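Nothing in this text is a laboratory measurement; each read-out follows from the coordinates by a stated rule. Note that this is a predicted model, so its numbers are computed, not measured. Cβ: placed from backbone, ideal geometry, glycine included. Neighbour counts: every protein chain shown.
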Amino acid sequence: MLKKSIIFISILSLVFVASIASANHSWGTYHWPRTSNPFLLKLGDNLASAWDAYLVTASTDWSVSSVLDTTIVLGTALRHRSSNLDCSPVSNTVQVCNKTYGKNGWLGLAQIWITGGTHITQGAVKLNDTYFNTSKYNNPNEKLHVVCQEVGHTFGLDHQSEDGSSQNTCMDYFSNTGANAGSTLSTKPNAHDYEQLETIYAHLETAFLSTDGGGKGKPATVGQNMDLNDPSAWGKAVRQDARGNNSLYERDLGNGNKIFTFVTWAE
């Protein structure tokens, strides 16, 4: 009887570990400070009308989370013909933009501004129409996949998988292009994404920490004039994906402030 009990406990342990592993895809320890859940995060819509429906769908899907609600508001990012100030960050929001950013290799970007080592103060999502206007990427499923993923990164989520297979989550590397252009796989969050958000946002701040930098300076005013659409401005590469591409960059702004850039590269 004792031997059977030990075997049963071991099986339960393996199941428990597997469950944790399947949902362990946080992006470091980065999170938005708040004193209660669910907290409300504003998504600034700076998009051309052709993109609006994808942001609405992504916002609705992510708001299924028990710890997070998103709402779409009028975008207030600075938009310029020159790229150096395009889609500038706005404190306490994620600004979402599209533009023909050029053949610079990236399809989508998620950028977050950090203060105090872990707290997200603002974010930006950028969608590169230079590629999305081509026949390969100009389909609704690929657009929704990328919008959903880049917005998810700004919450502190990482990828669930990078091998190209579909985990039926937008946080994987499945490509809704070519033979898969008609597939709706990987266009929405799945249960593991919601579980990971619950883990990331399980603790609460004991007092409200203003996302203007918590008294340590406002990251929005630091590096405001940098061309953050240019890979040379992202700082040092700190991680590669399963394909060997640099996927995460860190730029140190000093005084505990940093910018992290998560990249989805065009194939």
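Listing for the model above:
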{"read-out": "Dipole magnitude of the stretch 30-265, debye to nearest 20 (Cβ charges: Lys/Arg +1, Asp/Glu -1, about Cα centre)", "value": "620"}
{"read-out": "At most 16 other Cβ within 10 Å, DSSP loop - GluC sites (Glu not before Pro), the stretch 53-162", "value": "162"}
{"read-out": "Gained length - residue 233 relative to residue 104, 0.36 nm times residue gap less alpha-carbon distance", "value": "45.2 nm"}
{"read-out": "Fully extended contour minus Cα-Cα distance, from residue 205 to residue 255, at 0.36 nm per residue", "value": "15.9 nm"}
{"read-out": "Shape of the stretch 91-185, Cα gyration tensor, a/c cut at 1.5", "value": "oblate"}
{"read-out": "Positive minus negative residues near residue 51 (Lys, Arg vs Asp, Glu; Cβ under 10 Å)", "value": "-2"}
{"read-out": "Neighbourhood net charge (13 Å Cβ-Cβ; Lys/Arg +1, Asp/Glu -1) for residue 176", "value": "0"}
{"read-out": "Additional length obtainable on full extension of the chain from residue 48 to residue 26, 0.36 nm per residue less Cα span", "value": "4.9 nm"}
{"read-out": "Positive dipole terminus of the stretch 30-265, leading residue within 170, 145, 135 (C-beta point charges)", "value": "135"}
